[in-house]
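S.K.: I am attaching a structure below and will ask some questions about it afterwards.
Coordinate-derived values only; no laboratory data. The shown structure was predicted, so the numbers you read here are calculated from the model rather than taken from an experiment. Here the Cβ positions follow ideal geometry from the backbone for every residue, glycine too, while neighbour counts run over all protein chains shown.
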Amino acid sequence: MLQEISNTMHKKPKLRLVALLTAPILWLVVAYLGALATLLVAAFFTIDSFTGNVIQTFNLGNFHDMFTDAAYKNVVLRTVGIALLVTVVCTVLAIPMAFYMAKIAKPRSQKILVALILTPLWASYLVKIYAWRTMLEPGNGVLDWLLGPLGFSSPGFGGPAIIIGLSYLWLPYMILPIYAGLERLPNNLLDASGDLGAHNWHTFRRIVLPLIFPSLVAGSMFTFSLSLGDYITATIIGGKLQMLGNVVYQNFSINLPFAATIATIPVTIMAIYLWMVRRTGALASL
Amino acid sequence: MTISRNARLILAALLGVGLAFIYVPLTVVVINSFNSSRTFSWPPSELTTKWWAKAIENTGVREALKWSILAGLSATAIALLLGTALAFAVSRYDFFGREVISLLVVLPISLPGVVTGIALNNAFTKQLGMSTGLLTVVIGHATFCIVVVYNNAVARLRRMGTSLQEASMDLGANGITTFRLITLPNMASALFAGGLLAFGLSFDEIVVTTFTAGPGIQTLPIWIYNNLFRPNQAPIVNVVAATLVFLSIVPIYLSQRLSSDSSTGGRF
Amino acid sequence: MHSKRLFSRIAVASVAALILAGCSSSNDEASSSGVPDVPMMNSLGAGEGQVNVVAWAGYVENGSTDPNVDWVTGFEKETGCKVNVKNGATSDDMVALMKTGEYDVVSASGDASLRLIYGGDVAPVNTELIPNYADIFDNLKLQQWNSVDGVAYGVPHGRGANLLAYRTDIVKPAPTSWGAVFDVNSPYKGKITAYDSPIYIADAALYLMKTQPDLGITYPYALDQKQFDAAVELLKAQKPLIGEYWGDYLKHVASLKSGGTVLGTTWQVNINLAKGEGTKVEGIKPTEGSTGWSDTWMISSKAKNPNCAYLWMNHIASPEANAGVAEWFGEAPSNAKSCDLTADKNHCATFHAADDAYWDDVYYWNTPTEACLDGRTDATCVPYAEWVKAWSSLRNS
């Protein structure tokens, strides 16, 4: 019986393909895209101001409110700026770390280092952000306590704190793909470049960077998008600042259509981002 | 390898800075679990083990841990099945819409969790009239976990090429045997790495979970969310987090053991 | 894809809208017709074996948090109703959870309760079936946020005032008015805090009500467009003074202790915690009075376990459970007999539980609706959804 199925499958690659694709496509298209589409359609609805129930008539009022109020432009720019900065910070921190791990560390310490990078992923998100509250507390936080004697003082709560916090949370997600990408990179390539007289930096910029670019993109998928949708970090260490996620979260239960309207912004931004990434061909080599 | 001594030293220093960045806050978590102040004031005026004693008595957290592991394992299992199938389809076949699939699969992780969360919540409860519960949490988690399995599997399949499989088939093995004896063992470490990352993502996920968990389902992050903001309970949350950091050695050790057994060497 | 329920909900909404349009001249008529007709329980039957509860964290404790804090296990044994609890982080969460129809009871604050009533999500409560209802303080019964036209929609649970906190060692002289947090020349600029919720607009409205009588505000939750705009303007002017808005009270207490915050809105329980940590801080009810909250246990209109839900509402209103919650959570109990049962004999005094006069100028959270809650019929008020939008806008302006 199994043999038969196997043979039929082998003879008919189309059938194999269908068998492979059906479940995942159903899942992603029906369960996920379906849900997403329903939400986005709700952006054109409105709510009954008396009962708070959704009224399903086509209406552009929410979009009008969103585009005319400067506050929403502010929060979009702020959020995208933070997400970009977090991605830059993570990239800058991750590349040397991953490089050392993949190309310099001995196999034994390599393992320990990978374990050290993975460990913080298991400590709760919330606990880590609260730890940053203790770290950043102006005047009597850990940072001032440790680095105060060196003349450094904590930036306090606000935009810089959000960037630090989010970079902290997503750093491992950047290190891991870069590390994997570097490990795949044959050592003799670097040697060859060195033999041809290229400097370290030159080798890195001309050989290593282009080859690990897809890994960088893979990492940025996490750092950029996870930052774009975050609302908890901003609540805990953002001082007065809010991010897009806060606005969506705030409106979700009382005014789902308006929350959906706001949600179209990150969806659009990510769609553009994915499209750009796809044009560079990086997505295919994810 | 021809990396100059200076470059090595600089890289080592940068690695040290990075590790300090990662570990100083974690150390603060561990110290705070002994901090007698309920609001984690720094430096601790007094150290105490009473939060640890209280955490041991706390049955809510054990219950939550159980739910988290259950949801994480279920979501990981689904993600492994769907992600691997998709990876095979994309890397071994050429078909219309192949490009779109690689976009589709990254979508759930690349769209903000709050959007995914409210979209699923809206679909489950309002459109389908479903009850939220373990099932909806698992569906939500699996959706964004597929991509990590998929990425790992695709990378490995690309590296493996098809020559081994062809050789096996030429020697008379059928598709299933080839898959079992050649393809799967060669993919094991990649799948394990993907699975572990998927489990990790699910285990610490809070946003999508907030919107998809029903009555009686309290995963560990939800438990933490419910308890962290109450000064009576907050120190216990630090104990839990500190414990998790130490416990994380188990899955990481396992993954490294497993991946070192495979011929290709471990990635994560 | 559309469920039957969705259609019926649209039908209810459109009928309600028609009725509203037809009777817009008579406010009384509109408000009574605006409430969906949900039947009340007439008699209790046997328990269903479980009850699904949405509650504020700390309201439903079964000993899993602390073995000594348990008012659920006894109830479960006695009635056979297993209690499944889901904590809501905010009032908005709770409304969303109740709209799913999966939960039987909810501990709703005033900024959620009316929304639930008008949304048809909760049913009137037959207080005859709840013996402990008799012992509830009278000034909590049949109030604007827990009843409509004299029909009770829930059992009052506990209450608290939103106080003005100040660090006694830093803020001198001690403030007596909410003006301290709205003073644009405040020496404490950057160290002032405010509650992070749209409902905080009512705090600004209360201050305007007492200081700018021209605006004609009589109730902080009934603001016409002009009054609303004035309150939002006041908050915009206040924003540069604010260091942090607070939503969770760990952050708030930690900030008071560290001195990151020296002045601003607080709850009694936060003051007690901060003092317990050795912080020099006081919380006062300023001369203008204050906003506050009074929670109500309500039953879902779609309750699958109505009998257990009633048993639960009676149990949680009992002196023992009520005292337990009040003390664990840090609020004034609603049952007059609770005060004898608290472990800390001063609990009721600290929280002014039985001090009726204290609550006279406390304006409990309420859900603003288009029909003005102060009874005005010649004006349209700004509904809560617009408060939320305004708050999002303000926070990001």
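S.K.: Looking only at region B:163-191, count how many residues are surrounded by fewer than 22 Cβ atoms within 10 Å (Cβ to Cβ), touching a residue at least 40 places away in the same chain (Cβ under 8 Å) and either within 26 Å of residue B:134 (Cβ to Cβ) or aliphatic (A, V, I, L, M) (or both).
M.R.: 2
S.K.: Here is a further query. Every residue in region C:240-287 that is in contact (Cβ under 8 Å) with a residue 60 or more places away in the chain and β-branched (Val, Ile, Thr), please.
M.R.: C:261, C:262, C:265, C:266, C:269, C:271, C:279, C:281, C:284, C:287, listed by residue number.
S.K.: Can you find a residue that is surrounded by fewer than 23 Cβ atoms within 10 Å (Cβ to Cβ) and of a type in the set (Phe, Trp, Tyr) anywhere in region C:137-160?
M.R.: yes
S.K.: Quick check on region B:48-65: of everything there that is of a type in the set (A, V, I, L, M, F, W, C) and loosely packed, with under 14 Cβ neighbours inside 10 Å, which residue is nearest to residue C:73 (Cα to Cα)?
M.R.: Across region B:48-65, the extreme among qualifying residues is B:56.
S.K.: Of the residues that sit in region C:39-69 and are of a type in the set (D, E, K, R) and buried (at least 17 other Cβ atoms within 10 Å of the Cβ), which one is nearest to residue B:210 (Cα to Cα)?
M.R.: Keep residues of region C:39-69 that are of a type in the set (D, E, K, R), which gives C:48, C:61, C:66.
Subsequent filtering for residues that are buried (at least 17 other Cβ atoms within 10 Å of the Cβ) retains C:48, C:61.
Working: C:48: 27, C:61: 20 Å.
Among them, the one singled out is C:61.
S.K.: Among the residues of region B:77-97, write down those that are more than 7 Å from every other protein chain (Cβ to nearest Cβ), of a type outside the set (S, T, N, Q) and farther than 14 Å from residue A:28 by Cβ.
M.R.: Within region B:77-97, B:77, B:80, B:92, B:94, B:96 qualify.
S.K.: Between B:110, B:131, B:74, B:102, which is surrounded by fewer than 23 Cβ atoms within 10 Å (Cβ to Cβ) and within 10 Å of chain A (Cβ to nearest Cβ)?
M.R.: Of B:110, B:131, B:74, B:102, the one residue that is surrounded by fewer than 23 Cβ atoms within 10 Å (Cβ to Cβ) and within 10 Å of chain A (Cβ to nearest Cβ) is B:102.
S.K.: Right, here's the next one. Among the residues of region B:142-165, are any within 20 Å of the chain's Cα centre (by Cα), assigned to a helix (DSSP H, G or I), within 14 Å of residue A:34 (Cβ to Cβ) and not hydroxyl-bearing (Ser, Thr, Tyr)?
M.R.: No, every residue in region B:142-165 fails to be within 20 Å of the chain's Cα centre (by Cα), assigned to a helix (DSSP H, G or I), within 14 Å of residue A:34 (Cβ to Cβ) and not hydroxyl-bearing (Ser, Thr, Tyr).
S.K.: Suppose we keep only residues that are small (Gly, Ala, Ser) and under 22 Å from residue C:177 (Cα atoms) within region C:256-304. Which one would you say is farthest from the other protein chains (Cβ to nearest Cβ)?
M.R.: Taking region C:256-304 first, the residues small (Gly, Ala, Ser) are C:258-260, C:264, C:274, C:276, C:278, C:283, C:289-290, C:292, C:294, C:300-301, C:303.
Applying the additional criterion that residues be under 22 Å from residue C:177 (Cα atoms) yields C:259-260, C:264, C:274, C:283, C:289-290, C:292.
Numbers: C:259: 7, C:260: 6, C:264: 13, C:274: 8, C:283: 15, C:289: 26, C:290: 22, C:292: 20 Å.
Applying the filter and picking the extreme gives C:289.
S.K.: Could I ask something else about it? Would you call residue A:276 over 30 Å from residue C:242 (Cα atoms), facing another protein chain (nearest Cβ under 7 Å) and either in contact with a Ser or Thr (Cβ under 8 Å, 6 or more places away or on another chain) or in a helix (DSSP H, G or I) (or both)?
M.R.: It is false that residue A:276 is over 30 Å from residue C:242 (Cα atoms), facing another protein chain (nearest Cβ under 7 Å) and either in contact with a Ser or Thr (Cβ under 8 Å, 6 or more places away or on another chain) or in a helix (DSSP H, G or I) (or both).
S.K.: So, restricting to helices (runs of 4 or more DSSP H) that lie completely within region B:178-258, which ones have at least 1 residues that are more than 7 Å from every other protein chain (Cβ to nearest Cβ) and touching a Cys at 6+ places or on another chain (Cβ under 6 Å)?
M.R.: Result: B:184-203.
S.K.: Related question: Pull out all pairs, ordered by first then second residue, where Cβ-Cβ is under 8 Å, the residues are six or more apart or on different chains, the first lies in region A:231-250 and is within 7 Å of another protein chain (Cβ to nearest Cβ) and crowded, with 24+ Cβ neighbours inside 10 Å, and the second is in a helix (DSSP H, G or I) and of a type in the set (Asp, Glu).
M.R.: From residues that are within 7 Å of another protein chain (Cβ to nearest Cβ) and crowded, with 24+ Cβ neighbours inside 10 Å, the pairs are A:250/C:92.
S.K.: Right, next: How many of the residues making up region C:244-281 are outside any loop (DSSP other than H, G, I, E, B) and in contact with a helix residue (DSSP H, G or I) (Cβ under 8 Å, 6 or more places away or on another chain)?
M.R.: Looking only at that region, the number is 22.
S.K.: Scan region B:134-154 residue by residue and report those that are crowded, with 24+ Cβ neighbours inside 10 Å and either facing chain A (nearest Cβ under 8 Å) or of a type in the set (Lys, Arg) (or both). Even if it seems obvious, please write down each step before you answer.
M.R.: Let us first name the residues in region B:134-154 that are crowded, with 24+ Cβ neighbours inside 10 Å, namely B:136-137, B:140-154.
Passing the criteria: B:142, B:143, B:146, B:151, B:154.
S.K.: Right, here's the next one. Would you pick out the residues in region A:92-130 that are more than 7 Å from every other protein chain (Cβ to nearest Cβ) and surrounded by 21 or more Cβ atoms within 10 Å (Cβ to Cβ)? Please lay out each step first, then the result.
M.R.: The first filter runs over region A:92-130 and keeps only residues more than 7 Å from every other protein chain (Cβ to nearest Cβ), leaving A:92, A:94-95, A:98, A:101-102, A:105-110, A:112-113, A:117, A:129.
Hits for region A:92-130 are A:94, A:95, A:98, A:101, A:102, A:117, A:129.
S.K.: Being touching a Ser or Thr at 6+ places or on another chain (Cβ under 7 Å) and under 23 Å from residue C:93 (Cα atoms) is the filter here; which residues of region C:111-142 pass it?
M.R.: C:111, C:112, C:113, C:114, C:115, C:118, C:119, C:120, C:121, C:122, C:123
S.K.: Of the residues in region C:325-348, how many are assigned to a helix (DSSP H, G or I) and either at positive phi or buried (at least 24 other Cβ atoms within 10 Å of the Cβ) (or both)?
M.R.: Residues in region C:325-348 being assigned to a helix (DSSP H, G or I) and either at positive phi or buried (at least 24 other Cβ atoms within 10 Å of the Cβ) (or both): 4 in total.
S.K.: Farther than 24 Å from residue C:253 by Cβ, facing another protein chain (nearest Cβ under 9 Å) and surrounded by fewer than 22 Cβ atoms within 10 Å (Cβ to Cβ): does that describe residue A:147?
M.R.: Answer is no for this residue.
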